[in-house]
1. Given a 1.4 Å probe and every protein chain left where it sits, what share in percent of the accessible area of the stretch 557-695 is carbon and sulfur?
2. Can you sort Met659, Met612 by solvent-accessible area, 1.4 Å probe, largest first?
3. Of Lys46/Lys103; Lys102/Lys395; Lys501/Lys602, which pairs sit farther than 20 Å apart, going by alpha carbon to alpha carbon?
4. Before anything else, pin down the relative contact order of the stretch 72-124: Cα pairs under 8 Å, at least 6 apart, normalised by residue count, whole percent.
5. Cβ under 13 Å from Thr300's Cβ, Thr300 left aside: what net charge do those residues give with Lys, Arg +1 and Asp, Glu -1?
6. Given R₀ = 60 Å, FRET efficiency for Thr300-Asn149 by Cβ-Cβ distance, to 0.05?
7. What full-extension length gain, to one decimal in nm, is calculated for Ala359 and Arg346 as 0.36 nm per residue of separation minus the Cα-Cα distance?
8. Given a 1.4 Å probe, how much area per residue of the stretch 648-695 is accessible, in Å²?
Amino acid sequence: MTLKARGDLASAEEQQRTVLEALRHVLGAEHPDTLTAMGNLARTLKARGDLAGAEDLLAESLDGVEHLRGQVGGVLERARLSGAFHTDVISVVLAGVLVRRKKTSVDVVEALERGSGRTTLDVLSRGGLDPLILAQNRLDQSDLLAYGNALRDVRRFERSVAEFKFKFRTVPDSEQDRKRLSDDLAQARSDLREAGGRCFGFERKVFSAAQPLGLERIRGALCAGERLVVFGWSWVAAVAAVVSEDAHGATDTTHLLSEDRDELARGEALTQLVTMGIEPESHQAPRLEAALAQVESLLTADALADCRDRVARLRANYDAVFGRGPEAKLLAVPTLPWETLGVLARALLDIILPADLRAELAKAQRLDVVPSGPLQRLPLELLVEMAGVAELAGKPITYVPSGTVLALQRAKARTGADTSGATLAGDPAYPQPGDGGAERSLAEVAPWNLGYSGGVVAPLPRTRDEVEDIAGLFERCGHKARTLLGAEATVAAVREHTAGKRYLHLAAHGLLAGSDQPMDSAVVLAPAAPSGRPEGRVGRNDGCLRLSDLLGDWGDRLAGCELVTLSACRTSRGVAVGGSLMALPLGLFHAGARCVLASLWKVPDLATWLLMRRFYENLLGIAHGDETAVSRDVVALPMHGALREAQQWLRELSRDNIMGILADAGAQDEYSNVPKDAFVHPAHWAAFVLIGDAG
């Protein structure tokens, strides 16, 4: 047991100071081991009440990591370095210390900004430019030539890796063939790592690590009545800061939400249970059992019974799927009722939204939220409504990676390109399996590791209706709309037809990447070629528009695009790396998009079609049910209002209304069992959130 674990903090501090000084002397102040030792000592000082000493060391540690980030090339590599040093945790702990020391909001916000959305800030600093274009102004001729060769090698070896992986899964009939292909794949990966290393060496000079803006520059981007709420959440501390525009002399506030590790663990447990109540998943059963045990005392008897029932069903399914119990038919796992979700939401908001913070946010006309912890998985507006927080109900909310990113996006919008019209893609033609069935395994569609296996990609017939309906709305307003349906809905076609468009709408399947390949989150469009051999820039023809593609190939293709709608499952979710979320909106911002409408969980085909149609009617100012023209009596709503009204309309939609809409589309026979209150549960209407600058 360590000295600190035994409670001997004085001896622990003495020992840690000795180690730190030795490391400074031998390895230098910015060596990784030295930075780790700083963090250890800072936590001990904080525990002893020496907040000033802890503040100095935490700030010095962040400065050291900032310097190291500047020595690393590559978006993902910088994010991973930040993750290795837990900069997001350090920034939250530092912000908590600053709040306790009653430092200014400037200090607290700037501490939180150092750990928020840094990857998004890095990619925005490129301005959507091709790496070689940027390099022309920053490298001499010989280095520029070497960098170009390294980039070409990276792309060549990416293609080789993809091709060998494809052959390995489809060709080998003998152990000898498998051994040969395995060796070829290992060599290609080794070559790719070497070429990537050469690229990163040059990219350190080309892509400097972008720095967060100061508070006053962030404040200057806010509109009248707007508040920016920066949350910081970690396993040791949670902090919030509210930044006000200064038109009416409003003051900023800072809030230390918790430094109780048990309370923060309960917050995480409640988040898992609310998520289960909306989207039950069997593979989460062991974690959910532990989560429920942590919060049983916070729940009412009825809520506890509901949660126990769902967790037990998920555990039975988990055991059946993973062979830990008798084979059995999988149990249906219903979502949690609204009343139980309300109990969970109230307990969670007691941690993340205490009374003084609620009172401050109630003064705002609209909120821009930098999410962290629970709010990266659950919309604040939904939690507020489920918990019955009347003073915040209906408040327009947009999510932003950081205050700096919001300020940069708004500055860019003022000088953005003039765009018009829309491109819409949907109902992609997913190739059928050899037996003629209606579904195709994800292993076939996405053989290059999307973090899925054994799933299916089924047709999405309502996405065709969705695209055609929305295209008709644009045309009624006098806007051009380019539709890409079926086999035309390829990645290449979408890319070709997006330049100069104000809106981009993609209605398809969404795939969430695995932690080993965080850049592989994707929207699954139609494959470019039916043949099995990989083609294209990195040897892929699976129809997946990946985050890596948006960052690597799209440049500023979406410059001037006001809204990209990702009408697919889990498109705002991603893999958290170093305090940044590797998700599709990151790539879309890099390509120039101003705002993204994306989902937090799986979304049903029918409900999404209806929601999206209503959303665009509101956004474009079209009278509902008017088939001929824009109504002079209808005012186009801002994005927030358009989404909010569409969600409210959908949840109140009666079965008769739904069947009438389906009859008009000739699809009533496909949905003969629509229940009475089909879409009242938030699983159907609350998944979509606005990310970025919603105007």
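1. Numbers: 2410 of 4940 Å².
Summing carbon and sulfur atoms, their accessible area is 49 percent of the total for the stretch 557-695.
2. Ranking Met659, Met612 by accessible area, largest first, yields Met659, Met612.
3. Lys102/Lys395; Lys501/Lys602
4. Numbers: 35 pairs, mean separation 23.1, N = 53.
Relative contact order of the stretch 72-124: 44 percent.
5. Numbers: positive: Arg308, Arg346; negative: Glu296, Asp302, Asp306, Glu339.
It works out to a net charge of -2.
6. For R0 = 60 Å, the calculated efficiency reads 0.35.
7. Separation in residues times 0.36 nm, less the Cα-Cα distance, equals 3.1 nm.
8. 47
The values are calculated or read from the model by the stated rules, or taken from the named source; none is laboratory data. The structure presented is a predicted model; accordingly, all values stated were derived computationally and were not measured. All Cβ positions, glycine included, derive from the backbone under ideal geometry; neighbour counts span all protein chains shown. Ligands, DNA and RNA are stripped out before the accessible areas are found, and what is left, the full protein with its side chains, is counted by its heavy atoms. Shrake-Rupley method; radii C 1.70, N 1.55, O 1.52, S 1.80 Å.
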